[in-house]
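Trainee: First the structure, then my questions, so here it is.
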Amino acid sequence: MTDTKSPLRLGILGAGTIATAGYGILPNLGPIGDEIELVAIADPVLERAKQAADDFGFREAYSDLREMLDSAELDIVANLTPIFLHSETSRLIVERGKHLVSEKPLGATMEDADAIIEIAAANGATIVCAPPDMLFPPYMEARRLLDENTIGKVAFARVRSSHAGPGGGPGGWPLDPTWFYQKGSGPLLDMGVYGIHEITGLLGPAKRVSAFSGITEPIRTVRGGPFKGTEIEVTADDNSLFMLDFGGSTFAVVDGTFNVHAAKSPKLEIFGRRGAMNLYGDSPLEVYRADAAPGVDGWITPNYWPALSDERVDKLQRAILVDHLVDCVRNDKHPVLSAEHARHALEIMLAVTTSAREGKVVELKTTF
Ligand SMILES: NC(=O)c1ccc[n+]([C@@H]2O[C@H](COP(=O)([O-])OP(=O)(O)OC[C@H]3O[C@@H](n4cnc5c(N)ncnc54)[C@H](O)[C@@H]3O)[C@@H](O)[C@H]2O)c1
């Protein structure tokens, strides 16, 4: 049973990029330093776990999850392993009654996601699942404005959810990015998940999916960094485009690819019957209103919009996942980044694959 008054004891699974990078979790735990105790970190590359333990102040380092769960006293485990390992590892974590921070996606199949949710509930474990975007001020503010009917009934949205792929930029990638391109992972699960999380976070659960998906080139070459020149066999689709039907003639088109070297369009554009809204991720929200003033249409240029900045959120970066879990456990809150939302996102991603393979529209069953 978690003692919610003392600092919550944190274990980390996976000491790779999202654990240790400047924008990742471990360097950004400062704002919640008093609320957590850094206990243990595990990675099959034990040297990597030990290095991270030294760098960030964890007491114990392990090469295996089971060993960490058997030996260390933990309240929370953050699962930062590669995508294809999430089902098996998260299940073990919640079986032991540990609260779980899961990197995206929640699991590989709907059965896995259901099992993780059910086992967690039976063992009193709370789950927070990435992406964190619906905790970021521009998305929260967009949600408020949509709920206030600011742009009227939403007709459709365009959602960008791609980059050039790990190792696809000139800076390369700190660790071998091969697994990102292979079966069990791929850009739909790695990147498409952001757009799905965002648009369903803003508009609510989707009802149907229709998709095209494929592999653009069978071999990719890492462009820079320590793995420069590594040739990667691409076995997961790296180019998925899909449409979501939210019912009532509200649609969204979303991409989840490793094929976007650059883009100048907003990350999300939402078009409503009374206006439009642009989101850029971490920069301000833009709102266009029909009849912004009597007889005047136009973009609204606020003098001051305090809800769009939050210094604490800026400082936390990816560690906001741990912050959110601590807040939910201590204050008995249901997470905004809930396992049910993550399961709905997973169902959409699985439906994308089915729709593209079978050339049909797929009905969705889950909600959140
Ligand atoms: N890299 C990013 O910029 C980024 C950003 C956001 C989210 N993520 C997500 O974070 C997760 C991890 O990605 P990453 O980029 O950090 O990967 P990575 O390849 O850089 O690191 C993964 C780490 O997990 C370790 N690992 C492998 N098998 C393990 C096991 N069974 N138990 C424990 N550790 C194991 C590896 O040795 C490695 O140190 C993925 O879900 C990814 O989608 C990554």
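Trainee: Report yes if residue 323 is charged (D, E, K, R), out of contact with any Lys or Arg (no Cβ under 6 Å at 6 or more places or on another chain) and not assigned by TED's automatic domain parsing to the domain that holds residue 29, otherwise no. It would help to see each step written out before you state the result.
Mentor: Working: charged (D, E, K, R): yes; out of contact with any Lys or Arg (no Cβ under 6 Å at 6 or more places or on another chain): yes; not assigned by TED's automatic domain parsing to the domain that holds residue 29: no.
So residue 323 does not fit the description; no.
Trainee: List the number of the failed condition for residue 7; all other conditions in (1) open to solvent by less than 50 Å² (accessible area, probe 1.4 Å); (2) touching an Asp or Glu at 6+ places or on another chain (Cβ under 7 Å) hold.
Mentor: Among (1) open to solvent by less than 50 Å² (accessible area, probe 1.4 Å); (2) touching an Asp or Glu at 6+ places or on another chain (Cβ under 7 Å), the lone unmet condition for residue 7 is (1).
Trainee: To continue, here is another question. Among the candidates 115, 155, single out the residue that is more than 24 Å from residue 343 (Cβ to Cβ), away from the ligand (no atom under 14 Å from the Cβ), small (Gly, Ala, Ser) and open to solvent by less than 70 Å² (accessible area, probe 1.4 Å). Give the steps one after another, and end with the answer.
Mentor: On the way: 115 fails: more than 24 Å from residue 343 (Cβ to Cβ).
On inspection, the qualifying residue turns out to be 155.
Trainee: So which residues in region 216-244 are surrounded by 15 or more Cβ atoms within 10 Å (Cβ to Cβ) and of a type in the set (A, V, I, L, M, F, W, C), if there are any at all?
Mentor: 222, 227, 232, 234, 236, 241, 242, 243, 244
Trainee: Can you list the strands (runs of 3 or more DSSP E) found entirely within region 204-311 that contain at least 1 residues being under 22 Å from the mean Cα position of the chain (by Cα) and modelled with pLDDT of 95 or more?
Mentor: On the way: elements: 208-214, 219-221, 231-233, 239-245, 251-257, 268-272, 275-279, 286-293, 296-300.
The strands (runs of 3 or more DSSP E) meeting that bar are 208-214, 239-245, 251-257, 268-272, 275-279.
Trainee: Condition first: closer than 18 Å to residue 182 by Cα and in contact with a Pro (Cβ under 6 Å, 6 or more places away or on another chain). Now tell me which residues in region 224-236 satisfy that.
Mentor: 234
Trainee: Now for a separate question. Look through region 294-336, keep the residues that are acidic (Asp, Glu) and open to solvent by 80 Å² or more (accessible area, probe 1.4 Å), and return whichever of them is farthest from residue 132 (Cα to Cα).
Mentor: Going through region 294-336, the residues acidic (Asp, Glu) turn out to be 297, 310-311, 314, 323, 327, 332.
Subset that is open to solvent by 80 Å² or more (accessible area, probe 1.4 Å): 297, 311, 314, 332.
On the way: 297: 34, 311: 16, 314: 12, 332: 19 Å.
Ranking the candidates gives 297 first.
Trainee: A further question on this structure: Tell me whether region 221-229 contains one or more residues that are among the hydrophobic types (A, V, I, L, M, F, W, C) and touching a helix residue (DSSP H, G or I) at 6+ places or on another chain (Cβ under 6 Å). Walk me through how you get there before you give the answer.
Mentor: Narrowing region 221-229 to residues among the hydrophobic types (A, V, I, L, M, F, W, C): 222, 227.
Subsequent filtering for residues that are touching a helix residue (DSSP H, G or I) at 6+ places or on another chain (Cβ under 6 Å) retains none.
No, region 221-229 contains no residue that is among the hydrophobic types (A, V, I, L, M, F, W, C) and touching a helix residue (DSSP H, G or I) at 6+ places or on another chain (Cβ under 6 Å).
Trainee: In region 120-134, is there at least one residue being open to solvent by 30 Å² or more (accessible area, probe 1.4 Å), within 16 Å of the ligand (Cβ to nearest atom) and assigned to a loop (DSSP other than H, G, I, E, B)?
Mentor: The answer is no; no qualifying residue exists.
Trainee: Further, regarding this structure: Would you point out the residue of region 170-200, among those that are assigned to a loop (DSSP other than H, G, I, E, B), open to solvent by 20 Å² or more (accessible area, probe 1.4 Å) and at pLDDT 95 or above, that is nearest to the ligand (Cβ to nearest atom)?
Mentor: Restricting to residues being assigned to a loop (DSSP other than H, G, I, E, B), open to solvent by 20 Å² or more (accessible area, probe 1.4 Å) and at pLDDT 95 or above, the top hit is 175.
The values are calculated or read from the model by the stated rules, or taken from the named source; none is laboratory data. Please read these numbers as outputs of a predicted model, since none were measured by experiment. As a convention, Cβ positions derive from the backbone with ideal geometry for all residues, glycine included, and neighbour counts pool all protein chains shown. All accessible areas refer to the heavy atoms of the entire protein, side chains included, with ligands and DNA or RNA removed. Shrake-Rupley method; radii C 1.70, N 1.55, O 1.52, S 1.80 Å.
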